[in-house]
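Any read-out appearing in this document is the output of simple, stated calculations on the displayed coordinates, not a laboratory observation. Small disclaimer: the values here were computed from a predicted structure and weren't measured. As a convention, Cβ positions derive from the backbone with ideal geometry for all residues, glycine included, and neighbour counts pool all protein chains shown.
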Amino acid sequence: MAANGQVLQVSPADQVRAKLDDPRVAAALNDLLEHADLLAILVSGLDGLVRRSDEISASLTSAIGDVTGAANAPLKSVDLAGLADSFAALSGTMIDAAPALNSLLGSSLTDPQAAEVLAQLGAALVEAKTAHARNPEGPKGFFGILKSAKDPDVARGLGFMLQVAKAFGRQLATR
């Protein structure tokens, strides 16, 4: 910028104001402010975990060493130093994953009804895998699929899937 023949630099405050004009940035900041107490607890806990990761891994190694004194033979194949290193690396990964975990914790996935639906879906997936192992061919052709749709269980499942597709489509339209 130039004013009266002098070059002006954009101050950091001006840069922040420019970013706040972006509605997405403002919305994200509002979300952060609404969850500031939770974020502070999460950051404080993760900071303590990282600061003490060496001490924690040493304590973990020591505790496992104490256990091995009582039952030495089964744990001889365990690499305690490797386990401690893995734990230290995992704590760093947890810090990187904190924003994603925060999003998940704030989402509807933590709703008890959603958890129940996910549990039912998991059971259905296991049951379907077993049934597929017994009959890997499945229905043959388009008419085979139409015939399968007459099964009340299949019709109920398809109806549920259509409701999910409808709700998901509504959500996509609002974003």
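A few points about this structure:
- Of the residues Val50, Phe143, Val154, the one whose Cα sits farthest toward the positive end of the charge dipole of segment 42-171, with +1 on the Cβ of Lys and Arg and -1 on the Cβ of Asp and Glu, is Phe143.
- Build a GNM of the chain with springs between Cα atoms under 10 Å apart, and of Leu105, Leu162, Leu20 the one that fluctuates most is Leu162.
- Cβ crowding within 10 Å averaged over residues, with 50-58, 123-131 ranked highest first: 50-58, 123-131
- Overall form of the chain per C-alpha gyration tensor (a/c, 1.5; a/b vs b/c): oblate
- Sorted on the mean count of surrounding Cβ atoms within 10 Å across their residues, most packed first, peptides 138-146, 87-95 read 87-95, 138-146.
- With a Förster radius of 22 Å applied to the beta-carbon distance between Ala123 and Gln171, the computed FRET efficiency rounds to 0.30.
- Charge dipole (Cα centre; +1 on Lys/Arg Cβ, -1 on Asp/Glu Cβ; no other charges) of segment 13-63 amounts to roughly 100 debye.
- R0 of 41 Å, Cβ-Cβ distance Asp37-Asp14: FRET efficiency to nearest 0.05: 0.85
- Our summary gives the chain a relative contact order of 11 percent, counting only alpha carbon pairs under 8 angstrom and 6 or more residues apart.
- GNM flexibility winner over the chain from Gln15, Gln113, Gln163 (Cα, springs under 10 Å): Gln163
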